[in-house]
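Worksheet for the structure shown next.
The values are calculated or read from the model by the stated rules, or taken from the named source; none is laboratory data. Quick caveat, the model's predicted, so the values are computed rather than measured. Note that each Cβ is placed from the backbone with ideal geometry, even for glycine, and that neighbours are counted across all protein chains shown.
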Amino acid sequence: MASLVNLTAEQLDILLKGVDVSSRLSDLFECISYYLSPERYKESVSQQEVLLTYFGETKELDKRKSLLLHFHERIQNLSDVRRNVYVNCCLQLASIEEEQGQYEAAIPFLKEVENVMVKDDENEQILLVRLRIADNYMKTKQYDKAAMLLRTSIQYLNREKNEQLVTDFLFCNARTLDETHQYGDAALNYSKVLDYESRLQDPIVSECVRMTAICIFLSQPTTELADLLLKLYVHPLSKTTDIYPMLKKCARYEILDRKDATRLLPCLAAHQVTFVQDIMLAQKNVFLELNIALYSRNYLRASIPVFAKHLCVSPAALQYTLIDMIKDQRLNAHIDQVNGIVTFHDHTKAGIYAKNLERLCENLEKYGC
């Protein structure tokens, strides 16, 4: 049987064609050691590439994995290994781990690839490998790690021109934020996917509309999110979603209540159901803040006692919630505690200027100007 060492790349390629990996396993280990020896590896790049191509076509995963691990071990002891050889080896090992359901074991190999791409500042490749790492984190329920990885990738996303990659990134980021109960940020990321909907199939667009709305329903709402909810209602595919009745209710500025929370439960993923049930068990009004945010988009001011009655809460509870939302800058409004009136302002800059103008007029009137 012909030796696999001391050959040109062409000779090695010919010998390996049709060779069963099991019949020459020990020869292949010897071959790896030979072409990745300290004295030969720099002149044997072509042979290394032939070996990696052969391993990639090998169907016996366990034997392929053992050969690649040996290849990887030899590389670790060398300096200035050809980049494409190193990356190819790591990606093949990651793929095997993923194929075997060992998602956490795949992550270190992908991180090695990430380090290479970051060093070379290859924007698109950095995002691709980080998406893959994040996906493996999510499959192993390490949602916080996935969220952190994607959050630190924004600088690369902002300069990426591949719209499909940007869409995939936004969708993955939305999923991680959703899983970690950061529903407001998740809603905004799902909605950003809709900016690229011309590239997406209708079922994906419909799911993005649906998930954006659900995350808004579960979030600590802002007037921005309330406006987004109203935009979703008029989206052409909103009627295809199971949450359309609730969107319709919001568009009519009808009050969402505990019954709506119960109706929402069948639409939710398991982690979302638990979140809503915990709120309901605590006897909290699930949609109080969202109702306030929606109301603020349609009315200029309200009597707190009358508004509280409309929302089925006490005036004190409503005032406490209003103060909390204003303090967190989720609602642009001010409260006249003497007269029990809340006045809502536009959350845009124009609204802020209007508020300042109103105060200026009050001062001018006060001083007789």
Residue list for the range 290-301, filter: touching a helix residue (DSSP H, G or I) at 6+ places or on another chain (Cβ under 7 Å) and outside any helix (DSSP H, G or I): R297
When residues of the range 239-254 are limited to those that are in a helix (DSSP H, G or I) and among the basic types (K, R), the one surrounded by the most Cβ atoms within 10 Å (Cβ to Cβ): K249
The one condition in (1) at pLDDT below 90; (2) in contact with an Asp or Glu (Cβ under 9 Å, 6 or more places away or on another chain); (3) over 28 Å from L265 (Cα atoms); (4) not in a helix (DSSP H, G or I) that V342 fails to fulfil: (1)
Among the residues listed as E114, E99, the single one being closer than 30 Å to T176 by Cα and either loosely packed, with under 14 Cβ neighbours inside 10 Å or among the hydroxyl-bearing types (S, T, Y) (or both): E99
Count of the range 1-44 residues which are free of Cβ contacts under 8 Å to residues at least 24 places away in the same chain and assigned to a helix (DSSP H, G or I): 8
Unique residue being without any contact (Cβ under 8 Å) to a residue 60 or more places away in the chain and in contact with a helix residue (DSSP H, G or I) (Cβ under 6 Å, 6 or more places away or on another chain) when the list is T240, T274, T262: T240
Tally, over the range 130-157, of residues that are surrounded by fewer than 17 Cβ atoms within 10 Å (Cβ to Cβ), in a helix (DSSP H, G or I) and more than 12 Å from the chain's Cα centre (by Cα): 2
Pairs with Cβ under 8 Å, 6+ apart, first in the range 101-113 and under 10 Å from I133 (Cα atoms), second basic (K, R) and at pLDDT 95 or above: Y103/K139; L110/R132
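Being part of a helix (DSSP H, G or I) and hydroxyl-bearing (S, T, Y) is the filter here, so list the residues in the range 310-339 that pass it.
Of everything in the range 310-339, those that are part of a helix (DSSP H, G or I) and hydroxyl-bearing (S, T, Y) turn out to be Y320, T321.
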Search result, residues across the range 197-237 that are under 27 Å from N162 (Cα atoms), surrounded by fewer than 20 Cβ atoms within 10 Å (Cβ to Cβ) and polar (S, T, N, Q): S198, Q201, S206
Verdict on F307 being touching a residue at least 24 places away in the same chain (Cβ under 8 Å), closer than 21 Å to C215 by Cβ and part of a helix (DSSP H, G or I): no
Residue check for L127: within 25 Å of V87 (Cα to Cα), surrounded by 21 or more Cβ atoms within 10 Å (Cβ to Cβ) and touching a residue at least 24 places away in the same chain (Cβ under 8 Å): yes
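Kindly check whether there is at least one residue in the range 222-233 that is touching a Pro at 6+ places or on another chain (Cβ under 7 Å) and under 25 Å from D336 (Cα atoms).
The answer is no, given that none of the residues of the range 222-233 is touching a Pro at 6+ places or on another chain (Cβ under 7 Å) and under 25 Å from D336 (Cα atoms).
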Residues being β-branched (V, I, T) and either loosely packed, with under 13 Cβ neighbours inside 10 Å or assigned to a loop (DSSP other than H, G, I, E, B) (or both) - total across the range 54-80: 1
Leading residue by the ranking (farthest from V118 (Cα to Cα)) among those in the range 158-167 that are touching a residue at least 24 places away in the same chain (Cβ under 8 Å) and either assigned to a loop (DSSP other than H, G, I, E, B) or touching a Pro at 6+ places or on another chain (Cβ under 9 Å) (or both): N162
